[in-house]
1. Testing THR181 on (1) modelled with pLDDT of 95 or more; (2) touching a helix residue (DSSP H, G or I) at 6+ places or on another chain (Cβ under 6 Å), one condition comes back false. Which one is that?
2. Only one residue in SER36, SER75 is open to solvent by 70 Å² or more (accessible area, probe 1.4 Å) and either in a strand (DSSP E or B) or under 26 Å from ALA258 (Cα atoms) (or both). Which one?
3. Any chance you could count how many residues in the range 224-237 are closer than 14 Å to VAL42 by Cα and either at pLDDT below 95 or within 15 Å of the ligand (Cβ to nearest atom) (or both)?
4. Does LYS115 satisfy the criteria of being within 18 Å of VAL131 (Cβ to Cβ) and either modelled with pLDDT under 95 or surrounded by fewer than 20 Cβ atoms within 10 Å (Cβ to Cβ) (or both)?
5. Taking GLN64 as the residue in question, decide whether it is modelled with pLDDT of 95 or more, under 16 Å from GLY238 (Cα atoms), under 18 Å from the mean Cα position of the chain (by Cα) and open to solvent by 10 Å² or more (accessible area, probe 1.4 Å).
6. Looking at the structure I just gave you, is VAL190 within 16 Å of the ligand (Cβ to nearest atom), part of a helix (DSSP H, G or I) and either charged (D, E, K, R) or crowded, with 19+ Cβ neighbours inside 10 Å (or both)?
7. Examine the range 240-248 for a residue that is crowded, with 16+ Cβ neighbours inside 10 Å, within 16 Å of the ligand (Cβ to nearest atom), free of Cβ contacts under 8 Å to residues at least 40 places away in the same chain and hydroxyl-bearing (Ser, Thr, Tyr), and state whether such a residue exists.
Amino acid sequence: MSNSSRKYLIAGNWKMNKNATEGVELAEDIVSQLGSKTSVGVVVCPPYTALESVGKAISESNIQLGSQNMNPEASGAYTGEISAEMLRSLFVTHAILGHSERRALFHENDAFINKKVLAALANNLRPILCVGETLEERESNKTIDIVSAQIRKGLEGVGEDQAENIVVAYEPVWAIGTGKTATPEMAQEVHAAIRKVLSELLGEEKADKVRILYGGSMKPENAPELLAQPDIDGGLIGGAALTARSFVGIVEAAAELAG
Ligand code: 13P
């Protein structure tokens, strides 16, 4: 593995797909196809309504459970929202925060996302902080600036001691659900820039331990090349996470590289 100090992490973001029953079927298929591989970390992130049943379906496996969002407040009058403690009580270990769909469709800004990151860490949940540029931003050469600012603002107030609990996902908005993937070189360039910002924030040693996932039309066919890049430590998978065969195919590609 080129990034020897970091274990690959493959996370499936099911988005608003799969009810509780369908979620269990998919989780059981993933468990049976995956076997007991431990060289790669695997997380599934079903909708809230399937967390409990999917959690039970994966309880005997090495697969971990993630949520797709989380409210930063501990409790109270926040109709429709879910707290970190509620997630912890269902054995959730990871929370996707600041996904571009939440930024674009639900108007989440960096300051709000930062509150979520801090609340997740305070509650022993590992944030998967999502960052990424739009097509317009890429075409005007703003990618590195945009992504760096999202990282700095998203991680404000995060101490070095928390570095190992942080996961970052670089998801170019134009590559999500479009079938267009960043080339491995394009993705690597941004991942390296993210790691540079992380080392400014957390110190080089800690930054080397943070896993930076790529997301955006990753599938078994393009995963080997992307995952072979030195700063790509895994994937955040949308469409291809909805069938066991393709999701497990990506995990297998990572396992192959991990050796
Ligand atoms: P796709 O894999 O469907 O492009 O989605 C990526 C994503 O948004 C994962 O969070």
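1. Here THR181 clears every test but (1).
2. Details: SER75 fails: either in a strand (DSSP E or B) or under 26 Å from ALA258 (Cα atoms) (or both).
One residue alone meets the criteria, SER36.
3. As a first pass, look at the range 224-237 and keep what is closer than 14 Å to VAL42 by Cα: 233-237.
From what's left, either at pLDDT below 95 or within 15 Å of the ligand (Cβ to nearest atom) (or both): 234-237.
Qualifying residue count for the region: 4.
4. Considered against the rule, which asks whether it is within 18 Å of VAL131 (Cβ to Cβ) and either modelled with pLDDT under 95 or surrounded by fewer than 20 Cβ atoms within 10 Å (Cβ to Cβ) (or both), LYS115 comes out as yes.
5. So GLN64 does not fit the description; no.
6. Judged against the criteria, VAL190 is a match.
7. yes
Yes/no per residue for (1) open to solvent by 40 Å² or more (accessible area, probe 1.4 Å); (2) closer than 17 Å to LYS153 by Cα; (3) away from the ligand (no atom under 13 Å from the Cβ):
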| site | (1), (2), (3) |
| --- | --- |
| TYR170 | no, yes, no |
| VAL173 | yes, no, no |
| GLY179 | yes, no, no |
| ARG195 | no, yes, yes |
| GLU200 | yes, yes, yes |
| GLU205 | yes, no, yes |
| ASP208 | yes, no, yes |
| GLY216 | no, no, no |
| ASN222 | no, no, no |
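The values are calculated or read from the model by the stated rules, or taken from the named source; none is laboratory data. This structure is a prediction, so every number in the text was calculated from the model and none was measured. All Cβ positions, even for glycine, are placed from backbone atoms using ideal geometry, and neighbour counts span all protein chains on display. With ligands, DNA and RNA removed, areas are computed over all heavy atoms of the protein, side chains included. Shrake-Rupley method; radii C 1.70, N 1.55, O 1.52, S 1.80 Å.
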